[in-house]
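This report concerns only the one structure given below.
The values are calculated or read from the model by the stated rules, or taken from the named source; none is laboratory data. The structure displayed is predicted, hence computed values, not measured ones. Please note: Cβ atoms are built from the backbone with ideal geometry, for glycine as well, and neighbour counts cover all protein chains shown.
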Amino acid sequence: MSYTPDAIRHITLSAATLPLAGPISDAKVFTGRQKPMTEVEVLFAEITTEQGFEGVGFSYSKRAGGPAQYAHAKEVAQLTIGEDPSDIAKLYDKLLWAGASVGRSGVATQALAAIDIALYDLKARRAGLPLAKLLGSHRDSVRTYNTSGGFLQASIEEIQHNASASLEAGIGGIKIKVGLPDTREDLRRVTTIREHLGPDVPLMVDANQQWDRATALRMGRRLEEFDLNWIEEPLDAYDVEGHASLTAALDTPIATGEMLASVSEHEKLIAGRACDILQPDAPRIGGITQFLRLATLTHQAGLALAPHFAMEIHLHLAAAYPTEPWVEHFDWLDQLFEQRLEIADGRMLVPARPGLGISLSPRARRLTHATAEFGRS
């Protein structure tokens with residue numbers, strides 16, 4: 001059977017504000033750098049082709065940036081109308097260079113991510129395959145750990161309860177936030193949670209970039225006794241030299257990368273041997289096109305992979321990574337989608353549904369506050 005060319009007929013961009021159940025605080029709040037998080041801004045892209053195929057993708061912003069992503073996407077989305085949706089790399093470059101005067105990272109590429117992800121979803125749906133299978137999966141499920149139950153505004157008793165509930169739901173590991181101004185309180189919380197979980201449950205900690213080099217080294221040494229799977233973002237995200245020194249000095253693996261906004265920024269971490277585990281975020285670095293490029297570099301460097309947030313996307317990408325990764329479980333975005341990801345025996349299962357396996361919920365429609373349409377409906 002020969003390939004029948006198709007063309008993008010219509011794109012809808014939607015900006016939605018998702019309120020969180022309560023204010024969320026990590027170490028950046030306790031050091032005075034940010035205010036508690038109360039909402040997530042989400043940019044959706046929905047694409048339809050002349051042959052009637054559809055795809056949906058999303059990007060997001062925590063705190064500032066959502067309106068800027070939406071505004072940039074509106075400026076360039078029209079350029080995809082009439083193009084073959086299979087030419088994803090070509091379209092990415094076309095959109096990238098259309099907005100190159102404002103850069104090729106950050107908001108400029110995060111706006112493109114929603115479109116890029118929608119194109120991959122569409123391509124997999126047209127093939128009748130889950131995205132992981134289209135990419136070439138190595139596994140049908142991925143280890144998963146919970147983060148959303150371990151933030152710093154929660155008491156230690158609340159975190160214990162949340163951790164137990166996560167394990168009962170089939171989640172395989174627990175991550176808690178650290179980085180408080182009083183490092184003794186960090187150690188108390190880690191000690192209590194490790195005792196609560198026991199020695200066999202994977203446990204990770206995340207300092208959200210709030211330690212200086214001396215504190216990170218001192219805390220890293222104190223934390224060795226807890227047999228952590230990793231220490232996440234102990235230093236400023238752009239401190240390659242500091243992360244490299246810490247990685248060499250400690251037995252506990254160092255994880256970082258979620259705050260970086262381009263493949264080139266991650267390349268510096270890789271070249272500097274500045275972590276053991278890379279944590280890219282597909283919506284933050286420009287979408288699946290860029291993530292796949294980075295995943296190749298990460299594997300070639302012999303690094304482990306643990307993508308940040310957006311489990312609806314990252315489950316598929318992690319399933320296609322050659323070595324066993326972790327996927328971060330957050331329940332924040334659940335209400336935006338009709339479907340739920342299945343979890344069992346410490347693993348998140350790749351859905352059998354075509355594409356990403358998600359569709360927007362009525363709740364997502366109600367939360368939408370701005371919409372732009374391009375092409376013919």
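Annotations
- Neighbours by Cβ (under 7 Å, 6+ apart or cross-chain): first from segment 212-224, in the same structural domain as G242 (by TED's automatic domain parsing) and surrounded by fewer than 16 Cβ atoms within 10 Å (Cβ to Cβ); second among the β-branched types (V, I, T) and not in a helix (DSSP H, G or I): E224/T252
- Applying the condition of being of a type in the set (S, T, Y) and out of contact with any strand residue (DSSP E or B) (no Cβ under 8 Å at 6 or more places or on another chain) to segment 138-184 and asking which residue is farthest from D227 (Cα to Cα) yields S155.
- Condition met for S86 (out of contact with any Ser or Thr (no Cβ under 8 Å at 6 or more places or on another chain), over 21 Å from A319 (Cα atoms), in the same structural domain as S61 (by TED's automatic domain parsing) and not in a helix (DSSP H, G or I)): yes
- Options A111, A163: the member that is in contact (Cβ under 8 Å) with a residue 40 or more places away in the chain and in contact with a helix residue (DSSP H, G or I) (Cβ under 9 Å, 6 or more places away or on another chain): A111
- Residue match in segment 62-79 (condition: crowded, with 21+ Cβ neighbours inside 10 Å and closer than 30 Å to R347 by Cα): no
- Residue count for segment 215-250 under the criterion of being in a loop (DSSP other than H, G, I, E, B) and touching a strand residue (DSSP E or B) at 6+ places or on another chain (Cβ under 6 Å): the result is 3.
- Scan of segment 121-145 for residues that are over 30 Å from I8 (Cα atoms), not small (G, A, S) and not in a loop (DSSP other than H, G, I, E, B), ordered by number: V142, R143, T144, Y145
- Sole residue being in contact (Cβ under 8 Å) with a residue 40 or more places away in the chain, out of contact with any helix residue (DSSP H, G or I) (no Cβ under 6 Å at 6 or more places or on another chain), charged (D, E, K, R) and closer than 19 Å to N208 by Cβ, chosen from D26, D84: D26
- Against the list (1) farther than 19 Å from A15 by Cβ; (2) touching a strand residue (DSSP E or B) at 6+ places or on another chain (Cβ under 6 Å); (3) touching a residue at least 60 places away in the same chain (Cβ under 8 Å), the condition Y70 fails is (1).
- When every residue of segment 327-336 is checked against the conditions, none turns out to be assigned by TED's automatic domain parsing to the domain that holds A244, in contact with a helix residue (DSSP H, G or I) (Cβ under 8 Å, 6 or more places away or on another chain), without any contact (Cβ under 8 Å) to a residue 40 or more places away in the chain and surrounded by 24 or more Cβ atoms within 10 Å (Cβ to Cβ).
- Condition met for A169 (surrounded by fewer than 21 Cβ atoms within 10 Å (Cβ to Cβ), over 19 Å from D281 (Cα atoms), modelled with pLDDT of 95 or more and assigned by TED's automatic domain parsing to the domain that holds A261): yes
- Among (1) in contact with a helix residue (DSSP H, G or I) (Cβ under 7 Å, 6 or more places away or on another chain); (2) under 16 Å from A274 (Cα atoms), the one test that Y238 misses: (1)
- Flag for D116 being within 27 Å of G346 (Cα to Cα) and either in contact with a Leu (Cβ under 6 Å, 6 or more places away or on another chain) or in the same structural domain as I88 (by TED's automatic domain parsing) (or both): no
- Some residue of segment 102-109 being in contact with a Leu (Cβ under 9 Å, 6 or more places away or on another chain), part of a helix (DSSP H, G or I) and modelled with pLDDT of 95 or more: no
- Across segment 178-195, not a single residue is classified as under 23 Å from the mean Cα position of the chain (by Cα), assigned to a helix (DSSP H, G or I), small (G, A, S) and more than 16 Å from T252 (Cα to Cα).
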